[in-house]
Amino acid sequence: MTLTSDSSPGLMRTNHVQGLMWISILLSILVLGTDGSGVFAYSLFSSPAPSVLSITHHITILTLVHKQSRRSLDTTAQPVMTKVGTIVCAWLLALLWLAIICLFITTMSWVGRENEFERIKVVHGIALAASILEFGVMITIALKCTWDRDDFKPKKRITTVTGGKRTAAASIVRDVEALGSEINR
């Protein structure tokens, strides 16, 4: 997917997020493979959950983005990556990865004291490093999707009434309308 110089910043961020999602999928597979070699003992059998959830989330979002781009040429439609569900899931996945990192560090410090094969320590160190990278990627995805939501937020009318009180802009509109009706008399 190439970007032209006349692409909007929101589109460039959306394309960047898609690339980050592919990186996240690869990192999740790496965590599954490396932690799975030790029967998930270093993450207390919990690393498969965020890995599978991340892969499922990203494939779903990438599929929906692809369908949306093929179905509609309407640039005013809200992109899938800017929807609340996508953003909330991205933040929750980031928190889940942070919890996995804490579990990895805690269990590796407990078990690391015992005499163990160096190869197993290295493999689980790779899983920990991939989890830390995955956390960073998920935070970046969540931030960029949140920023994109600000770019594509639908504009609200000025004349809204909040809490039974008119906003300052609504009162200005009311005053201008009243002035216009007095002039027309």
Exercise for the section: Would you please list the contacts, defined by Cβ atoms under 7 Å and residues six or more apart or on different chains, that run from a residue in region 53-74 that is within 15 Å of M138 (Cβ to Cβ) to a residue that is modelled with pLDDT under 85 and open to solvent by less than 40 Å² (accessible area, probe 1.4 Å)? Expected result: I61/V80; I61/M81
Practice task
Could you please let me know if L103 is at pLDDT 90 or above, among the hydrophobic types (A, V, I, L, M, F, W, C) and open to solvent by 20 Å² or more (accessible area, probe 1.4 Å)?
Solution key: no
Fill in the blank from the handout: Out of (1) open to solvent by 60 Å² or more (accessible area, probe 1.4 Å); (2) under 15 Å from L30 (Cα atoms); (3) modelled with pLDDT of 90 or more, the one W91 does not meet is (2)
Exercise for the section: Identify all residues within region 52-84 that are at pLDDT 90 or above and open to solvent by less than 70 Å² (accessible area, probe 1.4 Å); write none if there are none. Expected result: S54, I55, H57, H58, T60, I61, L62, T63
Practice task
Return the pairs, sorted by first residue and then second, in which the second residue is surrounded by fewer than 23 Cβ atoms within 10 Å (Cβ to Cβ) and of a type outside the set (A, V, I, L, M), the first residue lies in region 126-143 and is in contact (Cβ under 8 Å) with a residue 24 or more places away in the chain, the beta carbons are less than 8 Å apart, and the residues are 6+ apart or on different chains.
Solution key: I126/T34; A127/T34; A130/T34; A142/W91
Problem - Long-range neighbours under 7 Å by Cβ, at least six apart or interchain, first residue in a helix (DSSP H, G or I) within region 84-108, second charged (D, E, K, R) and open to solvent by less than 60 Å² (accessible area, probe 1.4 Å) - result: W97/E134
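Being modelled with pLDDT under 85 and either closer than 30 Å to H58 by Cβ or in contact with a strand residue (DSSP E or B) (Cβ under 9 Å, 6 or more places away or on another chain) (or both) is the requirement here; does T146 meet it? Steps first, answer last, please.
On the way: modelled with pLDDT under 85: no; either closer than 30 Å to H58 by Cβ or in contact with a strand residue (DSSP E or B) (Cβ under 9 Å, 6 or more places away or on another chain) (or both): yes.
Criteria not met by T146.
The values are calculated or read from the model by the stated rules, or taken from the named source; none is laboratory data. Everything quoted here is computed from the prediction, not taken from an experiment. Don't worry about glycine lacking a Cβ; one is built from the backbone with ideal geometry, like all the others, and counts go over all protein chains shown. With ligands, DNA and RNA removed, areas are computed over all heavy atoms of the protein, side chains included. Shrake-Rupley method; radii C 1.70, N 1.55, O 1.52, S 1.80 Å.
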